[in-house]
Amino acid sequence: MVLDILVAVAVVSSIGTVLAGLLCICEHFLANYGPCRININEERDITVVGGGNLLSTLISEKIFIPSACGGRGTCGLCKLKVLEGAGPLLPTEEPYLSDEETQSDVRLSCQVKVRGDLKIEIPPELFAVREYICRCASIIDLTHDIKQFRFELVEPGQIDFVPGQYIQLLAPVYKKGGEEVYRAYSISSDPSDTNSIELIIRLVPGGICTTYCFECLKVGDQVKFNGPYGDFRLSDNDTPIVFVAGGSGMAPIKCMLHHMKNTGNKRKATYHFGANVVKELFLIDLMSSFESELEDFTFVPVVASPAADESWDGQTGLVTEAVQRNLKNASECEAYLCGSAGLIDAAIKVLMELGTKEEAIFYDKFE
């Protein structure tokens, strides 16, 4: 009896899978939506070939919308208003949209299919986003799974960005059956160098873009990115700062520290940086130089569990535990966080328990 039920469930699941596959094939090969007109901000019309999603269609027209996940519908960043022609809201969009947003016609552009004419609204600042062609100038191993990449700009030859912003790097097709994908990475370089950018990238097992960067990209190769994007940036006041990061979350904090040095910023700042073992710490010498060059900056490396063969006399445990131990003036501070979603959530919880105001906590939640 149980075996019969299991067989029936398997058969039904298989039929459903086959039907879903057939629908996708029909959508791809048989559906002909013809030319579709997209009206943008009631100021500009573009005519495109229907069938793709709105995000990729706009990219093909050199209109770039932020998307940290490359259009997989998992980051919720590619929001814009679709006033006409979008069809019903999809279940894949609902978790990322507030009630106010859904009532205001906000959609995830990666989930909206271009099947007919559309009327959309795009924030004006995104029209300043550009595509850049650059050359990989250097690749430096920072840890066993983190590399620092420096890209010299070719066309255009300069970029202006606010420390804390990110770009979207294009990974080209590099294996049979692959596809181009964009992934978001925070800029880590000194913003005074407008002729290049630097990225700190951690290898994600199976990640399309990080695999390309670690296994295929070579010094001298030409790559493309677009940007800059994001509102993660230092506020313009004298409030004490607490930085918290781990892994490649170092990137935007490093950029902000360069900026503080360049501008003679005298704000008191403490940077708690977490690693699992000692060999995962990196750029320690640079952080020491910032301690010498900035008026009131302290770097606090924290190692969760030093390996048996590692010598370490610094702080141990989780980086959030170190923040909890060390931060005595949390209610007076602004906090800037970058790293994994788990680290960000844990840091927010600790900081608010210590008295940091929620509106004084800023973060980038992708790494």
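The values are calculated or read from the model by the stated rules, or taken from the named source; none is laboratory data. Keep in mind it's a predicted model, so treat the numbers as computed, not measured. Positions of Cβ are generated from backbone atoms using ideal geometry, with glycine treated the same way; all protein chains shown enter the neighbour counts.
Within 26 Å of Asp285 (Cβ to Cβ), part of a strand (DSSP E or B) and within 21 Å of the chain's Cα centre (by Cα): does that describe Ile139? Quick ask: steps written out before the conclusion?
Values: within 26 Å of Asp285 (Cβ to Cβ): yes; part of a strand (DSSP E or B): yes; within 21 Å of the chain's Cα centre (by Cα): yes.
So Ile139 fits the description; yes.
Looking at Ile146, Ile159, Ile133, Ile139, which one is outside the structural domain of Cys75 (by TED's automatic domain parsing), more than 21 Å from Ile208 (Cβ to Cβ) and either surrounded by fewer than 16 Cβ atoms within 10 Å (Cβ to Cβ) or in contact (Cβ under 8 Å) with a residue 60 or more places away in the chain (or both)?
Details: Ile146 fails: more than 21 Å from Ile208 (Cβ to Cβ); Ile133 fails: more than 21 Å from Ile208 (Cβ to Cβ); Ile139 fails: more than 21 Å from Ile208 (Cβ to Cβ).
Going through Ile146, Ile159, Ile133, Ile139 in turn, the sole match is Ile159.
Of all residues in region 185-213 being within 14 Å of Arg150 (Cβ to Cβ) and of a type in the set (D, E, K, R), which is nearest to the chain's Cα centre (by Cα)?
So, considering only residues that are within 14 Å of Arg150 (Cβ to Cβ) and of a type in the set (D, E, K, R), the one nearest to the chain's Cα centre (by Cα) is Glu198.
How do the pairs read when you match residues in region 64-78 that are in contact (Cβ under 8 Å) with a residue 12 or more places away in the chain and not assigned by TED's automatic domain parsing to the domain that holds Tyr185 with residues anywhere that are among the aromatic types (Phe, Trp, Tyr) and surrounded by fewer than 18 Cβ atoms within 10 Å (Cβ to Cβ), using Cβ under 9 Å and keeping only pairs 6 or more apart or on different chains?
Close Cβ pairs (under 9 Å, with a partner that is among the aromatic types (Phe, Trp, Tyr) and surrounded by fewer than 18 Cβ atoms within 10 Å (Cβ to Cβ)) do not exist here.
May I ask you to list the residues in region 316-333 that are farther than 17 Å from Ala269 by Cβ and of a type in the set (S, T, N, Q)?
The initial filter retains those residues of region 316-333 that are farther than 17 Å from Ala269 by Cβ, namely 316-318, 320-321, 324-325.
Once the filter is applied, which keeps residues that are farther than 17 Å from Ala269 by Cβ and of a type in the set (S, T, N, Q), region 316-333 yields Thr316, Thr320, Gln324.
For Ser289, are the conditions met, namely being modelled with pLDDT under 95, of a type in the set (S, T, N, Q) and out of contact with any Pro (no Cβ under 8 Å at 6 or more places or on another chain)? First the steps, then the outcome.
Working: modelled with pLDDT under 95: no; of a type in the set (S, T, N, Q): yes; out of contact with any Pro (no Cβ under 8 Å at 6 or more places or on another chain): yes.
When the stated conditions are applied, Ser289 does not pass them.
Sort through Gly85, Gly71 and tell me the only one that's farther than 23 Å from Asp45 by Cβ and of a type outside the set (Ser, Thr, Tyr).
Numbers: Gly85 fails: farther than 23 Å from Asp45 by Cβ.
None of the other options fit; the residue is Gly71.
For residues that are part of a helix (DSSP H, G or I), out of contact with any Lys or Arg (no Cβ under 8 Å at 6 or more places or on another chain) and among the hydrophobic types (A, V, I, L, M, F, W, C), tally how many sit in region 313-348.
Selection size over region 313-348: 8.
For region 53-71, what are the residues that are part of a loop (DSSP other than H, G, I, E, B) and either buried (at least 19 other Cβ atoms within 10 Å of the Cβ) or of a type in the set (A, V, I, L, M) (or both)? Break it down stepwise before answering.
Step one: list which residues in region 53-71 are part of a loop (DSSP other than H, G, I, E, B), which gives 61-71.
Within region 53-71, Ile63, Phe64, Ile65, Pro66, Ser67, Ala68, Gly70, Gly71 meet the criteria.
If we keep just the residues of region 310-345 that are crowded, with 20+ Cβ neighbours inside 10 Å, out of contact with any Asp or Glu (no Cβ under 6 Å at 6 or more places or on another chain) and among the small types (Gly, Ala, Ser), which is farthest from Asn237 (Cα to Cα)?
Initial filter on region 310-345 (crowded, with 20+ Cβ neighbours inside 10 Å): 319-320, 322-323, 327, 330, 333-339, 343-344.
With the extra rule that they be out of contact with any Asp or Glu (no Cβ under 6 Å at 6 or more places or on another chain), the set shrinks to 319-320, 322-323, 327, 330, 333-337, 343-344.
Pick out the ones that are also among the small types (Gly, Ala, Ser) and you get 322, 330, 335.
Values: Ala322: 26, Ala330: 16, Ala335: 13 Å.
Checked region 310-345; the qualifying residue farthest from Asn237 (Cα to Cα) is Ala322.
Please work out which residue is farthest from Phe362 (Cα to Cα), limiting yourself to region 163-184 and to residues that are among the β-branched types (Val, Ile, Thr) and under 15 Å from the mean Cα position of the chain (by Cα).
Of the residues in region 163-184, the ones among the β-branched types (Val, Ile, Thr) are 167, 173, 181.
Restricting the remaining residues to those that are under 15 Å from the mean Cα position of the chain (by Cα) gives 167, 181.
Details: Ile167: 18, Val181: 28 Å.
Of everything passing the filter in region 163-184, Val181 is farthest from Phe362 (Cα to Cα).
Of all residues in region 194-217, how many are of a type in the set (Ser, Thr, Tyr) and either surrounded by fewer than 20 Cβ atoms within 10 Å (Cβ to Cβ) or free of Cβ contacts under 8 Å to residues at least 12 places away in the same chain (or both)? If you could, list the steps in order and put the result at the bottom.
First, pick out the residues of region 194-217 that are of a type in the set (Ser, Thr, Tyr): 194, 196, 210-212.
From what is left, the residues that are either surrounded by fewer than 20 Cβ atoms within 10 Å (Cβ to Cβ) or free of Cβ contacts under 8 Å to residues at least 12 places away in the same chain (or both) are 194, 196, 211.
Selection size over region 194-217: 3.
Pick out, from region 164-270, the strands (runs of 3 or more DSSP E) lying fully within it that include 2 or more residues that are closer than 20 Å to Asp285 by Cβ and assigned by TED's automatic domain parsing to the domain that holds Val323. I'd like the intermediate steps shown before the answer.
Details: elements: 166-171, 181-186, 196-202, 222-229, 241-246.
Strands (runs of 3 or more DSSP E) meeting the threshold: 241-246.
In this structure, does Leu89 turn out to be touching a Ser or Thr at 6+ places or on another chain (Cβ under 7 Å), modelled with pLDDT under 95, surrounded by fewer than 19 Cβ atoms within 10 Å (Cβ to Cβ) and not in a strand (DSSP E or B)? Spell out how you get there, then give the answer.
On the way: touching a Ser or Thr at 6+ places or on another chain (Cβ under 7 Å): yes; modelled with pLDDT under 95: yes; surrounded by fewer than 19 Cβ atoms within 10 Å (Cβ to Cβ): yes; not in a strand (DSSP E or B): yes.
Here the answer is yes, as Leu89 does meet what is asked.
How many residues does region 102-130 contain that are of a type outside the set (A, V, I, L, M), surrounded by fewer than 16 Cβ atoms within 10 Å (Cβ to Cβ) and not in a loop (DSSP other than H, G, I, E, B)?
Of the residues in region 102-130, 6 are of a type outside the set (A, V, I, L, M), surrounded by fewer than 16 Cβ atoms within 10 Å (Cβ to Cβ) and not in a loop (DSSP other than H, G, I, E, B).
Would you mind stating whether Phe362 is of a type outside the set (Asp, Glu), in contact (Cβ under 8 Å) with a residue 12 or more places away in the chain and surrounded by fewer than 19 Cβ atoms within 10 Å (Cβ to Cβ)?
On the way: of a type outside the set (Asp, Glu): yes; in contact (Cβ under 8 Å) with a residue 12 or more places away in the chain: yes; surrounded by fewer than 19 Cβ atoms within 10 Å (Cβ to Cβ): yes.
Criteria met by Phe362.
So the check is Cβ under 6 Å with 6+ separation or different chains; which pairs have a first residue in region 218-237 that's more than 22 Å from Phe64 (Cβ to Cβ) and a second one that's of a type outside the set (Phe, Trp, Tyr) and part of a loop (DSSP other than H, G, I, E, B)?
none
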